[in-house]
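Since the structure comes first, as structure tokens, the remarks are kept for the end.
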Amino acid sequence: MSNRVFVAGVGMTKFEKPGRRAGWDYPDMARESGTNALADAGIDYAEIQSVFAGYVYGESTSGQRAAYELGLTGVPVINVNNNCSTGSTALFLAVQAVRGGTVDCALALGFEKMQPGSLPTIFSDRELPIARHMAVQNTLYPNTGAPFAPWLFGAAGREHMDRYGSTPEQFAKIAEKNHRHSASNPNSQFQDIYSLEEILASREIFAPITKLQCSPTSDGSAAAVIVSERFVERHGLAAQAVEVVGQSMVTDMPSTFAENSAITLVGADMSRKATEAVYRQAELAPGDVDVIELHDCLSTNELITYEALGLCPEGEGGKLVDAGDTTYGGRWVVNPSGGLISKGHPLGATGLAQCAELTWQLRGTAGRRQVPGAKVALQHNLGLGGAAVVTAYRPAER
């Protein structure tokens, strides 16, 4: 890929249960993560030439209000909303702006102030963006009153079980792993370790998914400073910069709806197509990757995504779980941060928190959760309705 692009600085807040920090509003969150990212890059906000501000719940121009906490410089602030892939969409736009030569330095900023409990429907006077997905799903695995996300992703897990023989225990093992990983992450919303038995015994939401296999609603923010090669050289950032060596966004295709599959309805084909493009761009194969942050909104989606990322053949995700291939000591470490299940899922911030985690991993500064010798990182962020964003990273100095 021409015009090399780098992550020069990252920052994030601790992810919190909604409302836990009294008086903590989205401008406060954005100020904290943005200030941390700027400090990490060693630059002032005056050097930012464009801001891409992502959030799902909030009034129009909330992005401006958030960015104003960092400075009032008159630069463009573009508001971004792409469901659960909002943060990585802001990242995608920042990377495009720098790679295209429009700017040398952009800020991708994501934040979310959420309500407790299941994701709400805000607008009742118009069609839901995922109404088509839900209509098809009802013909495959009718809903029994579960919230829409556990229903859609739980049904995908049921289909995987029916087709390939995966088991509830394999999905629960994914949640056990991610909760265990989060115990080493001070920014994680949850840092409790649960046994496999406790996860299986927690309240069923939509079989095979139990409560401890679901990502929570969260408050929080994350940010990344995206810069050109010229900017890296001018500011002497090569020792800490991480290069974006491949990136792709894919939205729903005919196969999403035409295959009568709960798995394709939740984005498996989008993820696969985006991943294949990234491997081509970066000249990488799955075996070259060391550390992965992927979209485990529900445990079933992590297993399905193993296959979409090419970590194993279709239908064999459960074998990776049983072999311990996706945790420390295995072939890859997946979601060392704790993932969405345990780190939390403030929608607008999630993709940028993934970027921050992988930047720290490739710098070797991830503390107790450091993946030894990590040199190649892969990020996957998914939003229903729909978009999948996949990004590959390597250190600037290899």
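The values are calculated or read from the model by the stated rules, or taken from the named source; none is laboratory data. Nothing here was measured: the structure is a model prediction, and the numbers come from that model. All Cβ positions, glycine included, derive from the backbone under ideal geometry; neighbour counts span all protein chains shown. Surface areas here come from the heavy atoms of the whole protein model, side chains and all, with no ligands, DNA or RNA. Shrake-Rupley method; radii C 1.70, N 1.55, O 1.52, S 1.80 Å.
Report yes if some residue within the range 160-168 is within 29 Å of ALA39 (Cβ to Cβ), in contact (Cβ under 8 Å) with a residue 60 or more places away in the chain and buried (at least 18 other Cβ atoms within 10 Å of the Cβ); otherwise report no.
Of all residues in the range 160-168, those within 29 Å of ALA39 (Cβ to Cβ) come to none.
No, the conditions are met nowhere in the range 160-168.
Listed here are the residues, each with its yes/no results for (1) modelled with pLDDT of 95 or more; (2) surrounded by fewer than 23 Cβ atoms within 10 Å (Cβ to Cβ); (3) of a type in the set (Gly, Ala, Ser); (4) touching a helix residue (DSSP H, G or I) at 6+ places or on another chain (Cβ under 9 Å).
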| position | (1), (2), (3), (4) |
| --- | --- |
| GLY329 | yes, yes, yes, no |
| LYS343 | yes, no, no, yes |
| GLY367 | yes, yes, yes, yes |
| ALA377 | yes, no, yes, yes |
| HIS380 | yes, no, no, yes |
| ALA387 | yes, no, yes, yes |
| THR391 | yes, no, no, yes |
| ALA396 | yes, yes, yes, yes |
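Please verify whether the range 125-136 includes one or more residues that are open to solvent by 50 Å² or more (accessible area, probe 1.4 Å) and not in a loop (DSSP other than H, G, I, E, B).
Checking the range 125-136: at least one residue is open to solvent by 50 Å² or more (accessible area, probe 1.4 Å) and not in a loop (DSSP other than H, G, I, E, B).
If you take the residues of the range 92-115 that are aliphatic (A, V, I, L, M) and within 21 Å of THR217 (Cα to Cα), which of them is surrounded by the fewest Cβ atoms within 10 Å (Cβ to Cβ)?
MET114
In the range 236-244, is there at least one residue being without any contact (Cβ under 8 Å) to a residue 12 or more places away in the chain and within 22 Å of LEU107 (Cα to Cα)?
Applying the first criterion (without any contact (Cβ under 8 Å) to a residue 12 or more places away in the chain) to the range 236-244 yields 236.
Retained after the next criterion (residues that are within 22 Å of LEU107 (Cα to Cα)): 236.
Yes.
Taking VAL56 as the residue in question, decide whether it is outside any loop (DSSP other than H, G, I, E, B), of a type in the set (A, V, I, L, M, F, W, C) and surrounded by 18 or more Cβ atoms within 10 Å (Cβ to Cβ).
no
Just for the range 41-53: of the residues that are in a loop (DSSP other than H, G, I, E, B) and free of Cβ contacts under 8 Å to residues at least 60 places away in the same chain, which one is nearest to the chain's Cα centre (by Cα)? Can you show your working first?
Within the range 41-53, the subset in a loop (DSSP other than H, G, I, E, B) is 42-44, 48-49.
Pick out the ones that are also free of Cβ contacts under 8 Å to residues at least 60 places away in the same chain and you get 44, 49.
Details: ASP44: 27, GLN49: 25 Å.
Of everything passing the filter in the range 41-53, GLN49 is nearest to the chain's Cα centre (by Cα).
If I filter the range 82-90 for residues that are within 16 Å of VAL389 (Cβ to Cβ) and of a type in the set (A, V, I, L, M, F, W, C), do I get at least one hit?
There is at least one residue in the range 82-90 that is within 16 Å of VAL389 (Cβ to Cβ) and of a type in the set (A, V, I, L, M, F, W, C).
Exactly one of these conditions fails for ASN3: (1) part of a loop (DSSP other than H, G, I, E, B); (2) closer than 13 Å to VAL225 by Cα. Give me its number.
Unmet for ASN3, out of (1) part of a loop (DSSP other than H, G, I, E, B); (2) closer than 13 Å to VAL225 by Cα: (2).
A quick yes/no check of all residues on (1) part of a helix (DSSP H, G or I); (2) closer than 20 Å to THR365 by Cβ; (3) touching a Gly at 6+ places or on another chain (Cβ under 6 Å):
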position	(1), (2), (3)
GLU198	yes, no, no
THR217	no, no, no
ALA222	no, yes, yes
VAL227	no, yes, no
VAL232	yes, yes, no
ALA238	no, yes, no
GLU243	no, yes, no
MET249	no, no, no
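Kindly check whether there is at least one residue in the range 145-158 that is of a type in the set (D, E, K, R), modelled with pLDDT of 95 or more and either assigned to a loop (DSSP other than H, G, I, E, B) or surrounded by fewer than 18 Cβ atoms within 10 Å (Cβ to Cβ) (or both).
Checking the range 145-158: not a single residue is of a type in the set (D, E, K, R), modelled with pLDDT of 95 or more and either assigned to a loop (DSSP other than H, G, I, E, B) or surrounded by fewer than 18 Cβ atoms within 10 Å (Cβ to Cβ) (or both).
Examine the range 37-44 for a residue that is surrounded by fewer than 19 Cβ atoms within 10 Å (Cβ to Cβ), under 22 Å from PRO116 (Cα atoms) and at pLDDT 95 or above, and state whether such a residue exists. Don't jump to the end; show me each part of the working.
Residues of the range 37-44 surrounded by fewer than 19 Cβ atoms within 10 Å (Cβ to Cβ): 39, 42, 44.
Subset that is under 22 Å from PRO116 (Cα atoms): none.
Within the range 37-44, not a single residue is surrounded by fewer than 19 Cβ atoms within 10 Å (Cβ to Cβ), under 22 Å from PRO116 (Cα atoms) and at pLDDT 95 or above.
Can you name every residue in the range 199-222 that is over 17 Å from the mean Cα position of the chain (by Cα) and open to solvent by less than 50 Å² (accessible area, probe 1.4 Å)? Spell out how you get there, then give the answer.
The first filter runs over the range 199-222 and keeps only residues over 17 Å from the mean Cα position of the chain (by Cα), leaving 199-212.
Listed by number, the residues that qualify are ILE199, SER202, ILE205, PHE206, ALA207, PRO208, ILE209, THR210, LEU212.
Evaluate the range 46-54: report whether one residue or more is of a type outside the set (D, E, K, R), at pLDDT 95 or above and within 25 Å of CYS214 (Cα to Cα).
Scanning the range 46-54 turns up at least one residue that is of a type outside the set (D, E, K, R), at pLDDT 95 or above and within 25 Å of CYS214 (Cα to Cα).
Being open to solvent by 40 Å² or more (accessible area, probe 1.4 Å), of a type outside the set (Gly, Ala, Ser) and in contact (Cβ under 8 Å) with a residue 12 or more places away in the chain: is that true of MET253 here?
Values: open to solvent by 40 Å² or more (accessible area, probe 1.4 Å): yes; of a type outside the set (Gly, Ala, Ser): yes; in contact (Cβ under 8 Å) with a residue 12 or more places away in the chain: yes.
Against the criterion (open to solvent by 40 Å² or more (accessible area, probe 1.4 Å), of a type outside the set (Gly, Ala, Ser) and in contact (Cβ under 8 Å) with a residue 12 or more places away in the chain), MET253 qualifies.
Taking the residues in the range 173-198 that are touching a Pro at 6+ places or on another chain (Cβ under 8 Å) and not polar (S, T, N, Q) as candidates, determine which candidate is surrounded by the fewest Cβ atoms within 10 Å (Cβ to Cβ).
Residue satisfying both the conditions and the ranking: PHE190.
Tell me yes or no: at least one residue of the range 88-102 is in contact with a Ser or Thr (Cβ under 9 Å, 6 or more places away or on another chain), touching a residue at least 24 places away in the same chain (Cβ under 8 Å) and assigned to a loop (DSSP other than H, G, I, E, B).
yes
When you scan the range 82-91, do you find a residue that is β-branched (Val, Ile, Thr) and either surrounded by fewer than 19 Cβ atoms within 10 Å (Cβ to Cβ) or over 23 Å from ILE122 (Cα atoms) (or both), even just one?
Scanning the range 82-91 turns up no residue that is β-branched (Val, Ile, Thr) and either surrounded by fewer than 19 Cβ atoms within 10 Å (Cβ to Cβ) or over 23 Å from ILE122 (Cα atoms) (or both).
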